[in-house]
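The values are calculated or read from the model by the stated rules, or taken from the named source; none is laboratory data. Just so it is clear, the model here is predicted, and its values are computed rather than measured. Cβ coordinates were reconstructed from backbone atoms using ideal geometry, including for glycine residues, and neighbour counts include every protein chain displayed. For the accessible areas, the whole protein counts, side chains as well, though only heavy atoms, and no ligand, DNA or RNA atoms are used. Shrake-Rupley method; radii C 1.70, N 1.55, O 1.52, S 1.80 Å.
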Amino acid sequence: MDRAERLSWLRETNEKRLEALWQIADRIRRESVGDAVHLRGLIEISNQCRRHCAYCGLRSTNTAARRYRMTREQILTIARQGVALGFKTIVLQSGEDSRNTPETIESLIRDIKAHADVAVTLSLGEYDYETYARWRKAGADRYLLRFETSDFGLFRSLHRSVGPGEHPRLTRLRWLKELGYEAGGGVMVGLPGQTYESLVDDLEWFAALDLDMIGIGPYIPNPDTPLGQFALSERLLHRDQVPATALMAYKMLALARIMVPLSNIPATTALEALGDGWMEGLQRGANVLMPKLTPPEMAGNYHIYPGWDGAAFEAEARMDNAVKVISALGRSIDETKGCSQVRVDWETRQKLKEHGNEPASD
Ligand code: 5AD
């Protein structure tokens, strides 16, 4: 599939014709990563954030947000619950909380890894190379950092403190790869000002970065953010504006599977917020679900965008729900840590390069 074909799939609106795209993505998913679904237990350890991302409800100046920060003991207890529920991966996610110091996170990683044979995924935001290196050394296996959009002009308009130069997240995804993490990137679909052409660029970045994990969700306006309040005025909207719909996000998800067949791709919470996201995502290229372990009283306050109504449930119920969806589709649950196959492939290529071999072309 070339660039023009990808673009034309992104512009396709006929749901009948899109069936063909879902089928291609589903077939490539089955042939590349199989029918087993990976479950990752997600702990939202803090919603404190020092950043001002224009779209996100956790932004520091959002006074409507009710802030919380789990204690180290709470996190370890929840991680143990996750292990008892059968999760082989624990994901620690957070706003950019200034209390997430290199030391505190390092010791959390060490404690979780000492207690159970699980993979640890971090999703804590932008840090410097040394900090990522330190956490990797402590045993962290994976890192999630969406680049949101590869359109640097658009990225900068949403993150006012980012200066000219490099896209900070694309740079960090390269560092993370270099440090031996399984690296996860991804985008929001339908950001005001986002064009179809830029989405095709995003897809090319997924492949160019050899992303091990790709997270894709629709942009959901949050009225407590500047971007959510911004009525879609003619002035800022490009005529090639991508709609912020679940359908548009599914097209990106399916194309991401086609671009990076071996990657681990979740059916994301934002897709769930707009409908039957887990079920449909798993049929359109996804092979991962990330049920939340965050207790209800805190999950309700991890309010990045409106619409997700799973907060009231306990971890067990969320896990049961995931199991139900997976079995309804006739799929199985992966019993391993579910490591990246992109990485295996990438390591082989790195070794060949070190030995001065020409890259294989086929
Ligand atoms: N709508 C959808 N997704 C959002 N995110 C942040 N704000 C929103 C929003 N309003 C996503 C971003 C971020 C991830 C944690 O949540 O992609 O990386």
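What does the accessible area per residue of the chain come to in Å², with a 1.4 Å probe and no ligands, DNA or RNA counted?
44 Å²
Say we join alpha carbon atoms closer than 10 Å with springs in a Gaussian network model of the chain; which of SER123, SER98, SER340 then has the biggest fluctuation?
Greatest mean-square fluctuation among the candidates belongs to SER98.
Quickly estimate the mean residue ellipticity at 222 nm for the chain, helices only: each DSSP H run with n ≥ 4 gives -39500 (n - 2.57), and the total goes over all residues, rounded to 500.
-13000 deg cm²/dmol
For the stretch 134-258, give me the percentage of DSSP beta bridges that are antiparallel, rounded to the nearest 5 percent.
Working: 1 of 11 bridges.
Once the DSSP bridges in the stretch 134-258 are tallied, antiparallel ones form about 10 percent.
Given a Förster radius of 51 Å and the C-beta distance between ALA84 and GLU166 as r, what FRET efficiency does 1/(1 + (r/R0)^6) yield to the nearest 0.05?
0.75
Mind giving me the nanometre distance, one decimal, between the label points for LYS324 and ARG99, set 7 Å out from Cα along Cα→Cβ?
3.5 nm
If you build a Gaussian network model of the chain, linking Cα atoms that sit under 10 Å apart, which residue out of LEU255, LEU39, LEU179 swings the most?
The residue with the greatest mean-square fluctuation here is LEU179.
Rounded, prolate or oblate for the stretch 233-362? Axes are the square roots of the Cα gyration tensor eigenvalues, ordered a ≥ b ≥ c, and the cut-off for rounded is a/c under 1.5. Working shown, then result.
Details: a/c = 2.16, a/b = 1.33, b/c = 1.62.
Verdict is oblate for the stretch 233-362.
At LYS353 and GLU197, where each label point lies 7 Å from the Cα along Cα→Cβ, what is the point-to-point distance in nanometres?
2.9 nm
Please find the FRET efficiency linking ASP111 to SER32, where r is the Cβ-Cβ separation and R0 is fixed at 35 Å, and quote it to the nearest 0.05.
0.50
Can you tell me, using C-alpha contacts under 8 Å and at least 6 residues apart, the relative contact order of the stretch 108-242 as a whole percent?
Values: 179 pairs, mean separation 31.4, N = 135.
This gives 23 percent for the stretch 108-242.
Please list the non-local residues whose amide H lies under 5 Å from the amide H of GLU182, H modeled 1.01 Å from N, same-chain partners needing a gap of 5 or more.
Residues meeting the amide H criterion: ARG142, TYR143.
Taking a ≥ b ≥ c as the square roots of the Cα gyration tensor eigenvalues, with a/c under 1.5 meaning rounded and otherwise prolate when a/b beats b/c, else oblate, which class fits the stretch 2-64? Let's see the in-between values first.
On the way: a/c = 3.47, a/b = 1.70, b/c = 2.04.
Oblate.
Select from ARG142, ARG343, ARG239 the residue whose mean-square fluctuation is largest in a Gaussian network model of the chain (Cα-Cα springs shorter than 10 Å).
The residue with the greatest mean-square fluctuation here is ARG239.
Treating cross-link reach as a plain straight distance, find the lysines whose alpha-carbon is under 30 Å from the alpha-carbon of LYS16, omitting any fewer than eight places away in the same chain.
LYS251, LYS324
Percent antiparallel among DSSP beta bridges with both residues in the chain, to the nearest 5?
Close to 5 percent.
Sorted by packing (mean other beta-carbon atoms within 10 Å per residue), highest first, where do 25-37, 214-226, 66-78 land? Present the calculation step by step, with values, prior to reporting the outcome.
Details: 25-37: 17.2, 214-226: 22.8, 66-78: 15.1.
For the peptides 25-37, 214-226, 66-78, the packing ranking is 214-226, 25-37, 66-78.
As I understand it, the dipole of the chain uses +1 on the Cβ of Lys and Arg and -1 on the Cβ of Asp and Glu, about the Cα centre. Which of GLY310, TYR129, ILE24 lies farthest toward its positive end?
The one lying farthest along the dipole's positive direction is TYR129.
Using a ≥ b ≥ c from the Cα gyration tensor of the stretch 8-152 (square roots of the eigenvalues), is it rounded, prolate or oblate, where a/c under 1.5 gives rounded and otherwise the larger of a/b and b/c decides, a/b for prolate?
Verdict is oblate for the stretch 8-152.
Taking the square root of 5 times each eigenvalue of the Cα gyration tensor, what semi-axes in Å does the equivalent ellipsoid of the stretch 245-287 have, largest first? Could the numbers behind the result be given before it?
On the way: eigenvalues 56, 21, 10 Å².
For the stretch 245-287, the ellipsoid semi-axes come out as 17, 10, 7 Å.
From the C-alpha gyration tensor of the stretch 147-223, pull out the three semi-axes of the equivalent ellipsoid (sqrt of 5λ each), sorted largest to smallest, in whole Å.
Semi-axis lengths for the stretch 147-223 are 21, 15, 12 Å.
Relative contact order of the stretch 167-315, please, whole-number percent, based on alpha carbon pairs below 8 angstrom and at least 6 residues apart. The partial results should precede the final answer.
On the way: 233 pairs, mean separation 33.6, N = 149.
Relative contact order for the stretch 167-315 comes out at 23 percent.
To the nearest whole percent, what portion of all C-alpha pairs in the chain is separated by more than 39 angstrom?
Summing the P(r) of the chain above 39 Å gives 9 percent of all pairs.
What is the extension gain from GLU15 to GLU130, computed as 0.36 nm multiplied by their sequence separation minus the C-alpha to C-alpha distance, in nm to one decimal?
On the way: separation 115, 0.36 × 115 = 41.40 nm, distance 4.73 nm.
Contour length minus the Cα-Cα distance gives 36.7 nm.
Round to a whole number: what % of the accessible area of the chain belongs to carbon and sulfur, probe 1.4 Å?
51 percent
How high is the relative contact order of the chain, given as a whole-number percent (alpha carbon pairs under 8 Å, six or more residues apart)?
Across the chain, relative contact order equals 22 percent.
With only Lys, Arg, Asp and Glu charged, each at its Cβ (+1 for the first two, -1 for the last two), find how big the charge dipole of the chain is about the Cα centre; round to the nearest 20 debye.
About 520 debye.
Between the alpha-carbon centers of the stretch 133-209 and the stretch 283-312, tell me the distance in whole angstrom.
For the stretch 133-209 versus the stretch 283-312, the Cα centre distance is 22 Å.
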